[in-house]
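Enquirer: This is the structure, below, for whatever I ask next.
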Amino acid sequence: MSVRVRFAPSPTGYLHVGGLRTALYNYLFAKKYNGKLILRIEDTDRSRLVENAMENLIESLEWAGLHFDESPVDEGAYGPYIQSQRLEIYKNHASILIESGHAYYAFDTPEEIDNMRKRLQESNADSKYDRMNMSNQFTLGDDKTKEYLIQDKPYVIRLKIPDELIEFNDIIRGKVVVHGKEIDDQVLLKSDGFPTYHLANVVDDHLMEITHVIRGEEWLPSTPKHIILYNYFGWQIPQFAHLPLLLNKDKSKLSKRQGDVAVEDYKSKGYFRDAFINFIALLGWNPSADKEIYTIDELIESFNLEKVNKSGAVFDMVKLDWMNAHYLRNIESVNILAVQLNEILIKNNIEPTKFNQDYLEKVILLFRERVTFIHEIPSLATYMFSDPNEFDEEYKLKYWKENTGELISELKTDLSNLNNFDHAIVHDEVMKFVESKGIKLKDIIHPIRLIITGRSQGAGMFETMEVLGKDVCLKRFESFINKIN
Ligand code: GLU
């Protein structure tokens, strides 16, 4: 049987990083086994609906490069299946369970439910639905139930949980056993005619022929209810794999309070897609103890659900930044980075037309070892985009000596004779100058840095000069000397 998996988010506003991890593991699993990955929007909880949430979700998934198979309208397209468009299917399945006696009508009003809860709390009993003392098919009998239905009394349909052990196997956690006594008579169909998550989820997983349900650990407590549903319908049970929780550094559950949890935030902060996916993939699984950097193809090839950890995975921002920096340093298509840098310059109101693609590529090569994001380059190296107008006073005090102005003027003349401003040639010229004057390299290199950049630190000085070019460098020498005199 070929593998069919699904990512089934509820559209609650954005794609959570935990959701992305779930989607990614499903994707890796599907790709590894040449299976199909389905996107299904679980939007049956009308109280949690958020406008544009589905579009946001899809946008984030697209950014992440996760491609989905199948669509209800067009085979091979992006999808998704949308549960709110499938209400009849769930209603029909709830009716099947009523017919077979595995589910029942309940007519309790919200007040009756509240009172039941209070009563159970006071008597310290289980806070489960009190099947034998409420207003439902059991206590009313079939005739009264029919009468209520004819009268259009609001009702829900509840699952009749059996009084027995429920067992299933989880690929990551092994055997899980729960007693029916501990499970509530779950509502399957709500009074607004919408199914609950449990009914819609199981019905769809069956109809969509899902072979492996790979989802977050928070759904583990729901799984026994799902097993009961599969058994009542007489359907084959898929395999389950519940992925470990994502944790903050202090081992608490990953929360907004300690950092961003929406994928779109990481996208807008400028993380590379490949770096982010690499990082997310290793939250709870790593095929090798001494390797951290994986291409998507390597991830697919080595993915193994059985090797996913049970214990929570720490979302370590320092590691994420390290990974992003690593990708920045190693990306081969510097031309794409240059396009991005150009956009950043526009946003920063730096006139990008002054700098051609070739120049921007050279600037990136010069500075990418020193930053985590490309957008840090314009502020780290303002002097690559405009002449410096501020000069580090402390630096100047330390290295600008009485005769420095004179030396710089002379050096400027030497440099102006160069036809080639390649860093090695500039270096040789400066070294010649140093020797002929009987000074040390530091006596001249720091003043040069001050003049060219205004700062005490930066990339290699001769490399910086090469990228800026002879004209810009000599102009800066000139205006600094004029200012000093
Ligand atoms: N709709 C659930 C969610 O929002 C899906 C859980 C599952 O995959 O079964 O995560």
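The values are calculated or read from the model by the stated rules, or taken from the named source; none is laboratory data. These numbers come from a predicted model, not from an experiment. A quick note on method: Cβ atoms are made from the backbone with ideal geometry, for glycine too, and the neighbour counts reach across all protein chains shown. The protein model used for the area step is the full one, side chains on, heavy atoms only, and it has no ligands, DNA or RNA in it. Shrake-Rupley method; radii C 1.70, N 1.55, O 1.52, S 1.80 Å.
Enquirer: Considering only protein heavy atoms, with the full assembly of protein chains and a 1.4 angstrom probe, order Ser95, Ser436, Ser135 by accessible area, largest first. Don't jump to the answer; show the numbers that get you there.
Expert: Details: Ser95 55, Ser436 90, Ser135 25 Å².
Solvent-accessible surface, decreasing: Ser436, Ser95, Ser135.
Enquirer: Next question. Please identify the GluC sites (Glu not before Pro) of region 114-191 that satisfy two criteria: DSSP loop assignment and at most 13 other Cβ atoms within 10 Å. Which are they?
Expert: Glu164
Enquirer: How big is the antiparallel share of DSSP beta bridges in the chain, given as a percent to the nearest 5?
Expert: Within the chain, antiparallel bridges account for around 50 percent of the total.
Enquirer: Any idea what the relative contact order of the chain is, in percent, if you count C-alpha pairs under 8 Å spaced at least 6 apart? All intermediate terms of the calculation are to be shown ahead of the outcome.
Expert: Numbers: 674 pairs, mean separation 59.4, N = 485.
Once normalised by length, the contact order is 12 percent.
Enquirer: Could you give the angle, 0 to 90 degrees to the nearest 10, between helix 317-330's Cα long axis and the longest principal axis of the Cα atoms of the chain?
Expert: 50 degrees
Enquirer: Lys470: accessible area at probe 1.4 Å, nearest 10 Å²?
Expert: 50 Å²
Enquirer: To the nearest 0.05, how large is the calculated FRET efficiency for Lys483 and Lys347 if R₀ is 35 Å and r is the Cβ-Cβ distance?
Expert: E(calc), rounded to 0.05, equals 0.65.
Enquirer: What's the angle, to the nearest 10 degrees (0 to 90), between helix 404-416's Cα axis and the longest principal axis of the chain?
Expert: With both axes taken from Cα atoms, the answer is about 80 degrees.
Enquirer: So, one more: In nm, to one decimal, how far is the Glu99 label point from the Asp126 one, both placed 7 Å along Cα→Cβ?
Expert: 2.9 nm
Enquirer: Another one. Hey, if we sort Asp143, Asp69, Asp185 by accessible area with the 1.4 Å probe, largest down, what's the order?
Expert: Values: Asp143 120, Asp69 35, Asp185 5 Å².
Reading off the accessible areas and sorting them downward yields Asp143, Asp69, Asp185.
Enquirer: Please list, in order, the residues from region 223-249 whose amide nitrogen is less than 20 Å from a point placed 7 Å along the Cα→Cβ vector of Glu306.
Expert: Backbone N within reach: 238-244.
Enquirer: Can you list the aspartates and glutamates whose alpha carbon sits under 14 Å from that of Lys307, skipping same-chain ones fewer than 8 residues off?
Expert: Within the straight-line limit of under 14 Å, Lys307 reaches these aspartates and glutamates: Asp170.
Enquirer: How many percent of the accessible area of region 409-485 is carbon or sulfur, using a 1.4 Å probe?
Expert: Ligands and nucleic acids excluded, carbon and sulfur reach 47 percent.
Enquirer: Would you mind working out the accessible area per residue for the chain, using a 1.4 Å probe, and quoting it in Å²?
Expert: Values: 24490 Å² over 485 residues.
With all protein chains present, the chain gives 51 Å² per residue.
Enquirer: Now, a different point. Beyond 21 Å between alpha-carbons counts as too far, so tell me which of Lys440/Lys475; Lys347/Lys396; Lys175/Lys225; Lys396/Lys475; Lys175/Lys256 fall in that bin.
Expert: Lys440/Lys475; Lys347/Lys396; Lys175/Lys256
Enquirer: What whole number of Å gives the distance from the Cα centroid of region 193-271 to the Cα centroid of region 295-324?
Expert: A separation of 18 Å, based on Cα centres.
Enquirer: Can you tell me what share of the DSSP beta bridges in region 20-178 is antiparallel? A percent to the nearest 5 is fine.
Expert: On the way: 10 of 13 bridges.
Roughly 75 percent of the beta bridges in region 20-178 run antiparallel, per DSSP.
Enquirer: Check Arg6: other-chain or 5+ apart residues with amide H under 5 Å from its amide H, H built from backbone geometry?
Expert: Ile38, Ile214
Enquirer: By a straight-distance test (C-alpha under 21 Å), which lysines pair with Lys146 as possible cross-link partners, with residues fewer than eight away in the same chain excluded?
Expert: Straight-line reach from Lys146, under 21 Å: Lys91, Lys160, Lys190.
Enquirer: With +1 on the Cβ of every Lys and Arg and -1 on the Cβ of every Asp and Glu, and nothing else charged, how large is the dipole of region 353-420 about its Cα centre, in debye rounded to the nearest 20?
Expert: For this selection, approximately 200 debye.
Enquirer: Here's another thing I want to ask about it. Treating only the Cβ atoms of Lys and Arg (+1) and Asp and Glu (-1) as charged, compute the dipole magnitude of region 413-475 about its Cα centre; round to the nearest 20 debye.
Expert: It works out to roughly 300 debye.
Enquirer: Round to the nearest 10 and give me the degree value, 0 to 90, for the angle of helix 53-63's Cα axis relative to the longest principal axis of the chain.
Expert: 50 degrees
Enquirer: Hey, which aspartates and glutamates would be in cross-link range of Lys118, C-alpha to C-alpha under 19 Å, not counting anything within fewer than 8 residues on its own chain?
Expert: Straight-distance partners of Lys118: Asp108, Asp126, Asp130, Glu182, Asp184, Asp185.
Enquirer: Ignoring ligands, DNA and RNA, please state the percent of accessible area on region 214-338 from carbon and sulfur, probe 1.4 Å.
Expert: 48 percent
Enquirer: Suppose a student asked you for the relative contact order of region 69-207, using Cα pairs under 8 Å spaced at least 6 residues apart; what percent would you report?
Expert: RCO, region 69-207: 24 percent.
Enquirer: When the accessible area of region 1-147 is computed with all protein chains present and a 1.4 Å probe, what percentage of it is carbon and sulfur? Present the calculation step by step, with values, prior to reporting the outcome.
Expert: Numbers: 3340 of 7450 Å².
Roughly 45 percent of what the probe reaches on region 1-147 is carbon or sulfur.
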